[in-house]
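Worksheet: the structure to be examined is printed underneath.
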Amino acid sequence: MGSTWADSSQEEVTVLITGFAPFKTEFPVNPSWEIASRLPDYLPPLRAKTAARPESDPVLHPVRLLVHPEPVRVNYQTVRTLIPKLWHLDGDSDGDDATKPKPRKIDLAIHIGMAGPRLFYSIERRGHRDGYNMRDVDGEFLGDEERRLEQGKDWVWDGMPSELLTELDMEDVLDRWQRHSPPGSDLRISEDAGRYLCDFIYFSSLAHLYRVGQPRKVVFFHVPSENSEKNFTLGAELVIQLVRSMVESELARKVKAPKGDGDL
């Protein structure tokens, strides 16, 4: 999970990326997965035309783009079960059994989802605990209002704030993202992820990290619904530059932080 990857001794940074499966008849292809599935295994170097680096931009470690190998089903319970596993990909880190695989470390994460027929791209600042009143792809409601009453303190989100915010510096990330991305890209920060599966997977990640006491270095990326190769190619390029911007921002923050403030 969280780590001190801003320490120069670390060999590479790992960024987890997910995309969703289709969920509406009018959108038989979900661009979030088409974009995620086109990403390279590692962050490529800056292109020549954008390679001029301001002095404030740190030199990056190798950055691995770890794409979840299949699209996430647009189902509340699937997401709820999946999220803890994503942050502990190779099993439990507890114990001293050398024969067990070490858990793969996730430094940052991007969940990608479709936002509908619009032309701009947005990164979400906050996720919401409540208000999920739409059925998922399997026709099921989340049902957390009833579950919360029945389970009391055993409810999975008992004690969670109604909203959780990413701990990334969103304004700094946006500024870097706009500089690195193709000219004319309409990139924004959003304050409302929509209270459907996009919002739900985002809050689920934020809540998991909150629960286990790890920094919430995760963001949700909303993309337009257009089903075209041009859109998928642009979307993949924007994810690449978003990853670059997030890593740069965190490394720059680390440089400015007091000595000993190592965790992301």
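Annotations for the structure displayed:
- Förster radius 35 Å - calculated FRET efficiency between E11 and E140 (Cβ-Cβ, nearest 0.05): 0.25
- Here's how it looks for R73: its modeled amide H is under 5 Å from those of A21, which are all 5 or more places away or on a different chain.
- DSSP beta bridges in region 106-264 [antiparallel fraction, %, rounded to 5]: 40
- Treating r as the C-beta distance of L119 and E163 and R0 as 41 Å, the FRET efficiency rounds to 0.90.
- Shape analysis of region 145-264 places it in the oblate category; the axes a ≥ b ≥ c from the Cα gyration tensor give an a/c of at least 1.5, with a/b not above b/c.
- Note on region 197-249: with neighbouring protein chains present and a 1.4 Å probe, carbon and sulfur make up 51 percent of its accessible heavy-atom surface.
- Full extension of the chain between Y42 and D154 gives 36.3 nm of extra length, using 0.36 nm per residue less the Cα-Cα distance.
- Contour excess over end-to-end distance, with Cα ends at E191 and R147 and 0.36 nm allotted per residue: 13.2 nm
- Calculated from backbone phi, Karplus (6.51, -1.76, 1.60) coupling profile of region 227-236 in Hz, x at Gly/Pro: 9, 8, 4, 4, 5, 5, 5, 5, x, 5
- Close amide-amide hydrogen proximity is noted between L168 and V218, each under 5 Å apart and 5 or more residues distant or on a separate chain (H modeled in the peptide plane; Pro and chain starts excluded).
- Most to least packed among 105-113, 228-236, 66-74 [average Cβ atoms within 10 Å]: 105-113, 66-74, 228-236
- In this structure region 124-264 gives 45 Å² per residue of accessible area when probed at 1.4 Å with all protein chains present.
- Between T233 and H88, the contour length at 0.36 nm per residue exceeds the Cα-Cα span by 49.2 nm.
The values are calculated or read from the model by the stated rules, or taken from the named source; none is laboratory data. Bear in mind that the values here come from a model prediction, so they are computed numbers and not experimental data. Using ideal geometry, Cβ is built from the backbone for each residue, glycine included, and neighbour counts are taken over all protein chains shown. Surface areas here come from the heavy atoms of the whole protein model, side chains and all, with no ligands, DNA or RNA. Shrake-Rupley method; radii C 1.70, N 1.55, O 1.52, S 1.80 Å.
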